[in-house]
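We did not get these values from a lab; they are worked out from the coordinates using the rules stated. As the structure is a computational prediction, the values presented were derived from the model and not from experiment. Because the Cβ atoms are built from the backbone with ideal geometry, glycine has one as well, and the counts that use them run over all protein chains shown.
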Amino acid sequence: MSRKTVLFASIMILLVGMLAVSGCGSDSESGASDSDNAGNQTQAAAPAGKGSPAPDFTLKKVGGGELQLSSLRGKAVIVDFWDTWCPPCRKAMPHLQELSVTYSDDLVVVGVALGREGEAKVRSFVQNFGITFEMVMFNNDQKLINSFGGIQSIPTTFLIDGEGIIREKWVGGVGKAEYERAIKAVLGS
């Protein structure tokens, strides 16, 4: 093998490893096409970040009905953008489920399934993994993705306080202890 081939292979292995550690996907995974992204880059509103109000949305619940984020004011909320095919997303689900039960009086967890494999696959995942927290389907609205600062990788997870302010943002999978530390800080416990 030439040095150039070895260097190229090493760089590719490093990039794949970084993707596996940090999360899955890119903007194309969020349901937006490249043409959607090109058209919205100049029109996008300033994205929400830590310390700013969380963008509101209304999305279809996997079990039927709709969920409006602003209806959850008064409780802390975790909003997790994820999908069924993503290993770090799948790994985070049991942590989010446990936290939704442990802090059920003060915290609502909302999974926003990108649904690349379809709603039936999401519904099956929710049932098979015993997910009881709110699960909604992303509606392919690039404005929603842009309003959250763009979802470059999944899972991308936000912690929103009871006043509707984003307090934490995690890109890629994190452990239960990291989520819990931030939840306790927001809840003052």
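Taking θ as phi - 60° and the Karplus parameters 6.51, -1.76 and 1.60, the scalar couplings of the range 141-147 work out to 8, 4, 4, 5, 4, 5, 5 Hz in sequence order, x denoting glycine and proline.
Report the local net charge at residue 109: Lys and Arg +1, Asp and Glu -1, summed over other residues whose C-beta lies under 14 Å from its C-beta. Counting the neighbours of residue 109, the net charge comes to -4. Note on residue 120 and residue 58: their simple-model spin labels are 2.9 nm apart, each label 7 Å out from Cα toward Cβ. Each residue of the range 70-78 is assigned a 3J(HN,Hα), and the resulting list reads 5, 5, 9, 3, x, 10, 6, 9, 9 Hz, derived from the Karplus form 6.51 cos²θ - 1.76 cosθ + 1.60 (θ = phi - 60°), x at Gly and Pro. Extension gain for residue 98-residue 176 works out to 27.2 nm (0.36 nm per residue, less the C-alpha to C-alpha distance). Can you pick out the pairs among 50/91; 75/169; 60/176; 91/169; 75/176 whose Cα atoms lie more than 21 Å from each other? As for pairs spanning more than 21 Å Cα to Cα, those are 50/91; 60/176. Once the Cα-Cα distance is subtracted from the 0.36 nm per residue extended length, the residue 71 to residue 185 segment shows a gain of 38.8 nm. For the range 168-178, the Karplus equation 6.51 cos²θ - 1.76 cosθ + 1.60, evaluated at θ = phi - 60°, returns couplings of 8, 9, 10, 10, x, x, 10, x, 4, 4, 5 Hz by residue, with Gly and Pro reported as x.
Could you compute the net charge surrounding residue 158? Neighbours are other residues with a C-beta less than 12 Å from the C-beta of residue 158; K and R count +1, D and E count -1.
Spelling it out: positives minus negatives among the neighbours equals 0.
Within the range 152-186, the GluC sites (Glu not before Pro) that combine a DSSP coil assignment with at most 12 other C-beta atoms in a 10 angstrom radius are 163.
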